[in-house]
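Colleague: The following block contains the structure, expressed as structure tokens.
The values are calculated or read from the model by the stated rules, or taken from the named source; none is laboratory data. As the structure is a prediction and not an experimental result, all values here were calculated from the model. Cβ placement follows ideal geometry from the backbone for every residue including glycine, while neighbour counts extend to all protein chains displayed.
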Amino acid sequence: MIVTRLDETRLLDRVEDLADLLVDTVADGASIGFLAPLDRTAARTWWEERAAAVGAGRMAVWVARRDGRTVGTVGLAFADKPNSGHRAELVKLMVHREARGQGLGRRLLATAEQSATDAGVTLLHLDTETGSLAERLYDSAGWTRAGVIPDYAASPAGVLRPTTIYFKHV
């Protein structure tokens, strides 16, 4: 498994794979901002819209590839306010169903955390669906629960669900 950081051009080159990963993740029930069924064209467009942020340095995206195919991704969204340069949001940690259970989520998370540290970021935050499998990963990786917001986001099935907010000093 190879994990690499994408620049704007490489992100655009990988849009098809990234769209497939996003569609698979939503189809499997992950609450990552989309409703099911997620149209592949919408998934591709969403990734294409991230490219400018990557090019401008407002976002960093890593992909994990196996046998030439993208099977995981994670991103960091850097704060854009003058008083927030020390923090970033961990976004869109996804692992394809076929690649789960092999430690890839933990590896992607560690990659983002180390890269944040290298970039001078000292505080990371994220949100995830309360009760999801992702919570186990964040809890075991030393993230701290800041609280739960009821009815924060709809699941892919359209049901309002609570969201847990996490943070970690890196």
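Colleague: Let me confirm something: among Leu133, Leu109, which residue is surrounded by fewer than 19 Cβ atoms within 10 Å (Cβ to Cβ), without any contact (Cβ under 8 Å) to a residue 40 or more places away in the chain and either polar (S, T, N, Q) or closer than 17 Å to Thr25 by Cβ (or both)?
Modeller: One residue alone meets the criteria, Leu133.
Colleague: Restricted to region 18-54, and to residues that are free of Cβ contacts under 8 Å to residues at least 24 places away in the same chain and among the hydrophobic types (A, V, I, L, M, F, W, C), which residue is nearest to His96 (Cα to Cα)? Explain how you work it out, then say what you get.
Modeller: Step one: filter region 18-54 for residues free of Cβ contacts under 8 Å to residues at least 24 places away in the same chain, giving 23, 37, 39-42, 45, 49.
With among the hydrophobic types (A, V, I, L, M, F, W, C) added as a condition, the list becomes 23, 42.
On the way: Val23: 10, Ala42: 18 Å.
Residue satisfying both the conditions and the ranking: Val23.
Colleague: As an exercise: evaluate Ala116 against (1) within 15 Å of the chain's Cα centre (by Cα); (2) within 22 Å of Gly33 (Cα to Cα); (3) buried (at least 16 other Cβ atoms within 10 Å of the Cβ); (4) not β-branched (Val, Ile, Thr) and give the number of the one condition it does not meet.
Modeller: (2)
Colleague: Okay, next question. Based on what the data block shows, is Ala119 modelled with pLDDT of 95 or more, out of contact with any strand residue (DSSP E or B) (no Cβ under 6 Å at 6 or more places or on another chain) and not charged (D, E, K, R)? I'd like the intermediate steps shown before the answer.
Modeller: Details: modelled with pLDDT of 95 or more: yes; out of contact with any strand residue (DSSP E or B) (no Cβ under 6 Å at 6 or more places or on another chain): yes; not charged (D, E, K, R): yes.
In short, yes.
Colleague: Counting only residues that are under 15 Å from the mean Cα position of the chain (by Cα) and not in a strand (DSSP E or B), which one in region 52-96 is farthest from Asp24 (Cα to Cα)? Walk me through it before giving the result.
Modeller: So the first thing to find is which residues in region 52-96 are under 15 Å from the mean Cα position of the chain (by Cα), and the list is 53-54, 58-64, 70-78, 88-96.
Going one step further and asking which of them are not in a strand (DSSP E or B), we end up with 53-54, 58, 96.
Numbers: Ala53: 24, Val54: 23, Arg58: 26, His96: 7 Å.
Going through the qualifying residues, I end up with Arg58.
Colleague: Follow-up question, since we're still on this one. Residues to consider are Val61, Val95, Val71; find the one that is among the β-branched types (Val, Ile, Thr), under 17 Å from Asp13 (Cα atoms), touching a Leu at 6+ places or on another chain (Cβ under 6 Å) and surrounded by 21 or more Cβ atoms within 10 Å (Cβ to Cβ). Let's see the steps before the verdict.
Modeller: Working: Val95 fails: under 17 Å from Asp13 (Cα atoms); Val71 fails: touching a Leu at 6+ places or on another chain (Cβ under 6 Å).
Going through Val61, Val95, Val71 in turn, the sole match is Val61.
Colleague: I'm trying to understand the selection: among the residues of region 74-92, which are out of contact with any Leu (no Cβ under 9 Å at 6 or more places or on another chain) and in contact (Cβ under 8 Å) with a residue 40 or more places away in the chain?
Modeller: Across region 74-92, the qualifying residue is only Phe78.
Colleague: Follow-up. When Gly29 is evaluated against the numbered criteria (1) more than 20 Å from Arg5 (Cβ to Cβ); (2) crowded, with 18+ Cβ neighbours inside 10 Å; (3) not β-branched (Val, Ile, Thr), which criterion, by number, is the only one it fails?
Modeller: Failed condition: (2).
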